[in-house]
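Peer 1: My structure is below; once you've seen it, I'll send some questions.
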Amino acid sequence: MVAQSSVEAGLEKLRRGEYAEAIAQLRAALDMDPARAAEGLITAYVETGRYEDAERTARDVLARPDRALSAGETARLEMLLGEVLLTIGRSEEALRAFDRALAREGWPGAIRASVQKGRVLWQMGRVEEARELLHRLCARALAQGLRSAEDLTWTARALAYLDRPHEANDLYAEAIERDPSFREAYLQAGELFVEKYNYAEAASFFRDALRINPNCARAHLGLARSTRLSGGSDALAHVQRALAVNPRLVEAHDLMAALLLEVGEVEAAERHLAEALRVNPHSLSTRALRAAAFYLEDRAADLDEEIRRVLSANPRYGELYATLAEFAVFNRRYPEAVEFARRAVELSPWLWRAWATLGVNLLRLGRDAEGREVLERAFAGDPFNVWVKNTLDLLDSMRAYSETITEHFLIRMAPSETPVLAPLVAELLERAYALLSERYQFRPEGPIIVELFPNHEDFAVRTIGLPGLGALGACFGRVIAMDSPSARPRGSFNWASTAWHEFVHVITLQATAYRIPRWLSEGISVYEERRARPGWGHQWTLEFVRAFGEGRFVPLRQLEAAFLRPSSPEALSLAYFQASLIVEFLVERFGFERLRSLLALYRHGERTDGAFQKALGMTVEDVDRLFREHVKRAIGPYLARLDPHLLARAEVSEEDAREALARHPENFAAHLHLGRILRARGDVEAAIVHLREAIRLFPFYTGPRNAYEELAAIFEERGEVAEAVRVLRQWAAREEANVEVHRRILRLALKLGQKDIVEEALEAALAISPLDRDLQAQAGEFYLEQNQPERAVRAFSAVLHLDPPDRAEAHYHLARALLAKGARAEARREVLRALEIAPGFEKAQALLLKLVEN
């Protein structure tokens, strides 16, 4: 009874994850109840990473000359020994241990031993042999009936290996119902749901396991995996918890290495991989990640050697190339991802995630027919893959999209939007191509495919396979996907600047053979947006000035990670802006030719340290220091003028504002508030002084009731229209998607007859709101007056397709534009259509007469 109570107490401690106490009690009970105590002790050692102690315990108990073990107990200890040996990479020894265990029949755990033997065979590349073993096991187990939660759980694992997930799930549910405290069932069920992309359900199983044992390293690891794959930000914390319990858990070190490789921290990743290999020198998953590290650092000889080592151990290990493909995708090396994924499925035709990677990236290279065929095969093999399902559904819906072909582009969009958007998009992109290919002295491979989606979730699916993406556009080198203007609320999105931004990626990705760091590629794109048109691209704002003042600009070495794993949407926006400022600084300090040199160096395999040294003659840290000094000189004065408490108040009394100015005459917020107060009181001369001073002191504020808005209103009310236009243009140059500002500029510039400003405002407004019928009608009239008939035809054609209330008039105006263009037959057709709708339309009659007479 004493021995039994001591073992039970130890096993209870083990179940609760109180490992130190469990080990102490179970070791004390080894002589009294060697089988049960040893099993618990081995399990405790394994769960805390003490694998040598686990092996020693198993061998010692099995070797005792006086042991009082039954055949079943001996078999179970052999099985546990095999699992320990498998964990530390001694596969042949593990296989022999499982065979010794399975030589005895009818003992509890035989199903588990068979599954583990199948796992060894699979890892050794003996896949057909493993499948045959597991098929026999499942047929026999299901025919005989399963009574224990353990047998149900391990039979479910066999079914999962055989890609029979529904049956496996049913058995896991039955195992949990039969014994709600059996932790292994929750862990394996969670792992199944991770494999089948249901990360929320997987996480619930892992949390259930943690309720039984809060120190279960595998459960923490499972939560890390499910969080990582669902796009959550807690993966790092969960894997750290797993390693706190078991600092030698190979799979946890692998995941930590993968997370680090994703943000470019290769050295730190290699330390975790080295630790994993110290535990298991033959871990193929670890070596696959090590190959990925070599690949990301362009260490070709090391990569080849690692590939050779892995394939000599398992010639069927397609996961090696699948891992390389995934990191190629993560680093936007899409052509190489295709080649890696193709090699993966050649080695392991059952590896459906590699088929999915291959198909998606063929689409990203513009190889649509082949990509679709591969995705259909991937979905047939694994219908649980939601990314593949969503992408195939989207491809079905895109069959109806119309195509517009230009010299360098193939533009796809919904037929309902094509007549309005396609001409604008084509003109913009060809202009971007001409300017930027000359500027960067690089002509990208084409045709470049551009797809615009009226539904944002369709764009998200095209980009990442799932809804919920926050971006506006994405570029894959030869394919651009982006929202169309109708996918976003009016006034929240500038389609033209987005298209320009993404085309710059075409240049930088292809020019560097897809090896440019993300931060530099994004920085160049935003920088080129700002150069293209006033107001485009990220500008200095109140929030960005504060971010710099608060030390939230990240070190240059950490900027890549700020893109890849941002702490918030605001942090990501700041990363874009900071990257663009660095590019701007590099061009100003070193000249544009040096920026082109950087791209050439990346293309030829240089990494950032070497590229900076060769192109700029400086280290990354030197550039970072000079950049920060530059920004501090430029922005420091503006920081000193901020009064965050005063600015945050919606209303401020005149007394408070004047007191603030007495203390600090350059208090921007005080001038702004005082200007508003004086305007409301009718003292506009004084208001103008303070509002102008507010703009001078801090030109970056464009929030509600900003100084530009207040000052322009005063000038317009006083009839000083030219001054109002000047102020509004200053405002517009700091906002990318404020269509109302451009409308005001347009209205006032028309009054003044400032044709160049009218044209500028029209183009800026159409870059934000091209589906605005009234705006298109204004554009048509203006272009017609300015003898630009091609543009007038484009604008009036857009009006006609935007469901005008008076279609007869829309046809008539289009006829006018066509006549100005010299297309008399087309003009006659349009005027006849106008008269079919309204036979008494006198202007149309007169135009028809003019066409007939001439």
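The values are calculated or read from the model by the stated rules, or taken from the named source; none is laboratory data. Quantities reported herein were computed from a predicted structural model and do not represent experimental measurements. FYI the Cβ positions are ideal-geometry reconstructions off the backbone, even for glycines, and counts take in every protein chain you see. Ligands, DNA and RNA are stripped out before the accessible areas are found, and what is left, the full protein with its side chains, is counted by its heavy atoms. Shrake-Rupley method; radii C 1.70, N 1.55, O 1.52, S 1.80 Å.
Peer 1: Tell me the residue from Asp151, Asp170, Asp179 that is touching a residue at least 24 places away in the same chain (Cβ under 8 Å), farther than 21 Å from Leu102 by Cα and open to solvent by 30 Å² or more (accessible area, probe 1.4 Å), please.
Peer 2: Asp179
Peer 1: So, restricting to helices (runs of 4 or more DSSP H) that lie completely within the stretch 558-623, which ones have at least 3 residues that are of a type outside the set (D, E, K, R), at pLDDT below 95 and under 24 Å from Phe327 (Cα atoms)?
Peer 2: Helices (runs of 4 or more DSSP H) meeting the threshold: 559-564, 569-590.
Peer 1: Somewhere in the stretch 18-36, is a residue out of contact with any Cys (no Cβ under 6 Å at 6 or more places or on another chain), of a type outside the set (Asp, Glu), open to solvent by 80 Å² or more (accessible area, probe 1.4 Å) and touching a residue at least 40 places away in the same chain (Cβ under 8 Å)?
Peer 2: There is no residue in the stretch 18-36 that is out of contact with any Cys (no Cβ under 6 Å at 6 or more places or on another chain), of a type outside the set (Asp, Glu), open to solvent by 80 Å² or more (accessible area, probe 1.4 Å) and touching a residue at least 40 places away in the same chain (Cβ under 8 Å).
Peer 1: Determine whether Val631 is touching a residue at least 12 places away in the same chain (Cβ under 8 Å), open to solvent by less than 20 Å² (accessible area, probe 1.4 Å), in a loop (DSSP other than H, G, I, E, B) and β-branched (Val, Ile, Thr).
Peer 2: Spelling it out, it is not the case that Val631 is touching a residue at least 12 places away in the same chain (Cβ under 8 Å), open to solvent by less than 20 Å² (accessible area, probe 1.4 Å), in a loop (DSSP other than H, G, I, E, B) and β-branched (Val, Ile, Thr).
Peer 1: Just one of (1) within 30 Å of Trp352 (Cα to Cα); (2) among the hydrophobic types (A, V, I, L, M, F, W, C); (3) open to solvent by 60 Å² or more (accessible area, probe 1.4 Å) trips up Ile405, so point out which.
Peer 2: All conditions are met except number (1).
Peer 1: Okay, moving on. Which one is nearest to Ile449 (Cα to Cα) among residues in the stretch 343-384 that are open to solvent by less than 20 Å² (accessible area, probe 1.4 Å) and polar (S, T, N, Q)?
Peer 2: Asn361
Peer 1: Would you please name the residue that is farthest from Arg225 (Cα to Cα), looking only at residues in the stretch 169-200 that are at pLDDT 95 or above and in a loop (DSSP other than H, G, I, E, B)?
Peer 2: Out of the qualifying residues, it is Asp179.
Peer 1: Let me ask another. Is there any pair with a first residue in the stretch 811-835 that is within 11 Å of Leu851 (Cβ to Cβ) and a second that is not in a helix (DSSP H, G or I) whose Cβ atoms are under 8 Å apart and which are 6 or more apart or on different chains, and what are they?
Peer 2: Final answer for the pair search is Arg824/Asn854.
Peer 1: Sticking with this one: Answer yes if at least one residue in the stretch 312-333 is touching a residue at least 24 places away in the same chain (Cβ under 8 Å), of a type outside the set (S, T, N, Q), open to solvent by 10 Å² or more (accessible area, probe 1.4 Å) and in contact with a strand residue (DSSP E or B) (Cβ under 9 Å, 6 or more places away or on another chain), and no otherwise.
Peer 2: Yes, because at least one residue in the stretch 312-333 is touching a residue at least 24 places away in the same chain (Cβ under 8 Å), of a type outside the set (S, T, N, Q), open to solvent by 10 Å² or more (accessible area, probe 1.4 Å) and in contact with a strand residue (DSSP E or B) (Cβ under 9 Å, 6 or more places away or on another chain).
Peer 1: Can you tell me which residues in the stretch 487-516 are farther than 23 Å from Tyr433 by Cα, open to solvent by 30 Å² or more (accessible area, probe 1.4 Å) and touching a Phe, Trp or Tyr at 6+ places or on another chain (Cβ under 9 Å)?
Peer 2: Arg488 - this is the single residue of the stretch 487-516 that is farther than 23 Å from Tyr433 by Cα, open to solvent by 30 Å² or more (accessible area, probe 1.4 Å) and touching a Phe, Trp or Tyr at 6+ places or on another chain (Cβ under 9 Å).
Peer 1: Given the structure, is Ala156 closer than 20 Å to Leu249 by Cβ and either modelled with pLDDT under 95 or touching a Leu at 6+ places or on another chain (Cβ under 7 Å) (or both)?
Peer 2: So Ala156 fails the test.
Peer 1: What pairs come out if I take residues in the stretch 345-365 that are within 16 Å of Leu162 (Cα to Cα) and pair them with residues that are polar (S, T, N, Q) whose C-beta lies under 8 Å away, six or more apart or interchain?
Peer 2: The qualifying pairs are Trp352/Asn385; Arg353/Asn385.
Peer 1: Continuing with the same structure: I need the full set of residues from the stretch 104-131 which are in a loop (DSSP other than H, G, I, E, B) and either within 17 Å of Leu351 (Cα to Cα) or not basic (Lys, Arg) (or both), in order please.
Peer 2: Residues satisfying the conditions are Glu105, Gly106, Trp107, Pro108, Gly109, Met124, Gly125, Arg126.
Peer 1: Could you tell me whether the stretch 519-531 includes any residue that is in contact (Cβ under 8 Å) with a residue 60 or more places away in the chain and open to solvent by 40 Å² or more (accessible area, probe 1.4 Å)?
Peer 2: no
Peer 1: Turning to a different aspect of this structure: Every residue in the stretch 654-681 that is among the small types (Gly, Ala, Ser) and open to solvent by less than 50 Å² (accessible area, probe 1.4 Å), please.
Peer 2: Those that are among the small types (Gly, Ala, Ser) and open to solvent by less than 50 Å² (accessible area, probe 1.4 Å): Ala657, Ala660, Ala669, Ala670, Gly675.
Peer 1: Quickly run through the stretch 785-829 and pick out the residues that are in contact with a Gly (Cβ under 7 Å, 6 or more places away or on another chain) and open to solvent by less than 30 Å² (accessible area, probe 1.4 Å).
Peer 2: Answer for the stretch 785-829, where residues must be in contact with a Gly (Cβ under 7 Å, 6 or more places away or on another chain) and open to solvent by less than 30 Å² (accessible area, probe 1.4 Å): Ala792, Ala795, Phe796, Val799, Ala817.
Peer 1: Here is a list: Val84, Val46. Which entry is open to solvent by 20 Å² or more (accessible area, probe 1.4 Å), in contact (Cβ under 8 Å) with a residue 40 or more places away in the chain and either part of a helix (DSSP H, G or I) or within 29 Å of His253 (Cβ to Cβ) (or both)?
Peer 2: Val46
Peer 1: Checking the conditions here, which among Arg747, Arg743, Arg794 is in a helix (DSSP H, G or I) and touching a residue at least 40 places away in the same chain (Cβ under 8 Å)?
Peer 2: Arg794
Peer 1: Something else about it: Please specify each residue of the stretch 703-740 satisfying the condition of being assigned to a helix (DSSP H, G or I), open to solvent by less than 10 Å² (accessible area, probe 1.4 Å) and under 20 Å from Ile635 (Cβ atoms).
Peer 2: Across the stretch 703-740, the qualifying residues are Ala707, Tyr708.
Peer 1: While we're looking at this one, here's another question. Criterion first (under 28 Å from Glu445 (Cα atoms) and in a helix (DSSP H, G or I)) does Ala242 satisfy it?
Peer 2: Answer is no for this residue.
Peer 1: Something else: Check whether at least one residue in the stretch 344-365 is more than 23 Å from the chain's Cα centre (by Cα), closer than 23 Å to Arg515 by Cβ and not small (Gly, Ala, Ser), and report yes or no.
Peer 2: Within the stretch 344-365, none of the residues are more than 23 Å from the chain's Cα centre (by Cα), closer than 23 Å to Arg515 by Cβ and not small (Gly, Ala, Ser).
Peer 1: Out of (1) in contact with a Lys or Arg (Cβ under 9 Å, 6 or more places away or on another chain); (2) at pLDDT below 95, what's the single condition that is false for Phe493?
Peer 2: (1)
Peer 1: Here is a further query. Which residue pairs have Cβ atoms closer than 8 Å, lie 6 or more positions apart in sequence or on different chains, and pair a first residue in the stretch 486-502 that is under 14 Å from Gly535 (Cα atoms) with a second residue that is in a loop (DSSP other than H, G, I, E, B) and among the polar types (S, T, N, Q)?
Peer 2: Between residues of the stretch 486-502 that are under 14 Å from Gly535 (Cα atoms) and residues that are in a loop (DSSP other than H, G, I, E, B) and among the polar types (S, T, N, Q), the close pairs are Gly491/Asn738; Gly491/Ser769; Trp495/Ser484.
Peer 1: Do you know which of the residues in the stretch 261-297 that are at pLDDT 95 or above and in a loop (DSSP other than H, G, I, E, B) is most open to solvent (accessible area, probe 1.4 Å)?
Peer 2: Looking at residues that are at pLDDT 95 or above and in a loop (DSSP other than H, G, I, E, B), I get His282.
Peer 1: Being open to solvent by 20 Å² or more (accessible area, probe 1.4 Å) and in contact with a strand residue (DSSP E or B) (Cβ under 9 Å, 6 or more places away or on another chain) is the filter here, so list the residues in the stretch 420-457 that pass it.
Peer 2: Pro423, Glu430, Gly446, Pro447, Pro454, Asn455, His456
Peer 1: Here's another thing I want to ask about it. Using the structure shown, decide if Glu78 is touching a helix residue (DSSP H, G or I) at 6+ places or on another chain (Cβ under 7 Å) and open to solvent by 30 Å² or more (accessible area, probe 1.4 Å).
Peer 2: When the stated conditions are applied, Glu78 does not pass them.
Peer 1: When you go through (1) open to solvent by 30 Å² or more (accessible area, probe 1.4 Å); (2) within 45 Å of the chain's Cα centre (by Cα) one by one for Glu836, which number turns out not to apply?
Peer 2: With (1) open to solvent by 30 Å² or more (accessible area, probe 1.4 Å); (2) within 45 Å of the chain's Cα centre (by Cα) applied to Glu836, the lone miss is (2).
Peer 1: Pick from the stretch 675-702 the residues that are in contact with a helix residue (DSSP H, G or I) (Cβ under 7 Å, 6 or more places away or on another chain) and not in a helix (DSSP H, G or I): which of them is farthest from Arg744 (Cα to Cα)?
Peer 2: The residue in question is Phe698.
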